[in-house]
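Heads up, the thing below is written out as structure tokens.
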Amino acid sequence: MKFDRESKIYTVIFTFVISFVFVFVLSGLNYLTTSKVKVNQELFTVRAVLNAMGISYRSNEEALEIYKSQIKVENVDSYTLFSAVVNGDKVYAILFNGSGLWGNISGVLAVNKDVSKIVGIDFISQSETPGLGGRIEEGWFKEQFKNESLVNDRVFVSTTKVSETKDDGQVDAITGATLTSKSIEKIIATYVPILKELLGVN
């Protein structure tokens with residue numbers, strides 16, 4: 001049976017067949033990549049935990065090995081808490097989620113055993129403006145938080161140049177991304193008291 005290519009029936013059937021083929025192909029690709037995506041998401045979390053806790057690694061394989069052998073993971077209430085001994089000191093970390101300028105920012109915040117200093121911070125996902133708020137993932141920004149003292153359970157993100165001391169509880173904001181920088185300040189202020197409560201620190 002021949003169809004008139006100018007007819008509506010031909011157009012409908014052709015559209016249906018093409019749509020079916022595309023859906024079938026996309027479903028197949030989704031099925032094939034689901035496990036890979038899951039592994040990559042797990043790796044993002046593993047690397048963020050190790051980075052925040054100051055544990056170095058040379059490859060994804062080594063990161064997974066260290067994570068499995070050295071990191072203790074606990075689910076307390078609705079929070080995921082990590083702990084490890086790093087350079088002879090007990091370090092704790094927590095997964096965080098908070099609002100940025102354009103969307104959710106998730107990552108890991110690590111502190112010392114009495115929650116008086118930040119050991120480190122790292123990010124798992126964010127949707128801030130590239131070249132501006134997206135710079136929270138740059139090394140210089142995250143490095144500022146390492147061993148920074150907490151003042152009244154906070155680290156203040158300053159829009160003016162701060163001193164190099166690690167005892168004043170201040171870090172530099174990202175130029176042109178004050179709101180995103182302040183979002184990180186707010187996330188830390190939210191999760192430090194949670195860490196204290198989970199760890200029984202007064």
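The values are calculated or read from the model by the stated rules, or taken from the named source; none is laboratory data. Keep in mind that this is a model prediction, so the values were computed, not measured. Note that each Cβ is placed from the backbone with ideal geometry, even for glycine, and that neighbours are counted across all protein chains shown. Remember, those area values only see protein heavy atoms, side chains included, never the ligands or the DNA or RNA. Shrake-Rupley method; radii C 1.70, N 1.55, O 1.52, S 1.80 Å.
For segment 53-67, check the following and say yes or no: at least one residue is open to solvent by 80 Å² or more (accessible area, probe 1.4 Å), part of a helix (DSSP H, G or I) and either modelled with pLDDT of 95 or more or over 30 Å from Ser116 (Cα atoms) (or both). Looking for residues that are open to solvent by 80 Å² or more (accessible area, probe 1.4 Å), part of a helix (DSSP H, G or I) and either modelled with pLDDT of 95 or more or over 30 Å from Ser116 (Cα atoms) (or both), one finds at least one in segment 53-67, hence yes. When Ser83, Ser106, Ser125, Ser99 are checked against the criterion of being hydroxyl-bearing (Ser, Thr, Tyr) and over 16 Å from the mean Cα position of the chain (by Cα), Ser83 stands alone in meeting it. For beta carbons closer than 9 Å, sequence separation of 6+ or different chains, a first residue in segment 187-202 that is on the phi > 0 side of the Ramachandran plot and a second that is polar (S, T, N, Q), there are no qualifying pairs. Does Ala48 fit the bill of being crowded, with 18+ Cβ neighbours inside 10 Å, more than 15 Å from the chain's Cα centre (by Cα) and either of a type in the set (Gly, Ala, Ser) or closer than 28 Å to Ala177 by Cβ (or both)? Taking the combined requirement at face value, the residue does not satisfy it.
Close Cβ contacts (under 6 Å, 6 or more residues apart or on different chains) running from residues in segment 43-66 that are closer than 18 Å to Phe141 by Cβ to residues that are open to solvent by less than 40 Å² (accessible area, probe 1.4 Å) and not hydrophobic (A, V, I, L, M, F, W, C) comprise Ala48/Gly107; Ala48/Asp122; Asn51/Asp122; Ala52/Gly120; Ala52/Asp122; Gly54/Gly120.
Is it the case that segment 118-138 has a residue that's within 25 Å of Asn202 (Cα to Cα), at pLDDT 95 or above and among the basic types (Lys, Arg)? No, the conditions are met nowhere in segment 118-138. Scanning segment 117-129 turns up no residue that is basic (Lys, Arg) and either free of Cβ contacts under 8 Å to residues at least 24 places away in the same chain or closer than 27 Å to Leu43 by Cβ (or both).
Suppose the filter is over 20 Å from Asp122 (Cβ atoms) and among the hydroxyl-bearing types (Ser, Thr, Tyr); does Thr180 pass it? Spelling it out, it is not the case that Thr180 is over 20 Å from Asp122 (Cβ atoms) and among the hydroxyl-bearing types (Ser, Thr, Tyr). The residue that is farthest from Gly176 (Cα to Cα), counting only those in segment 115-139 that are of a type in the set (Asp, Glu) and touching a Lys or Arg at 6+ places or on another chain (Cβ under 9 Å), is Asp122.
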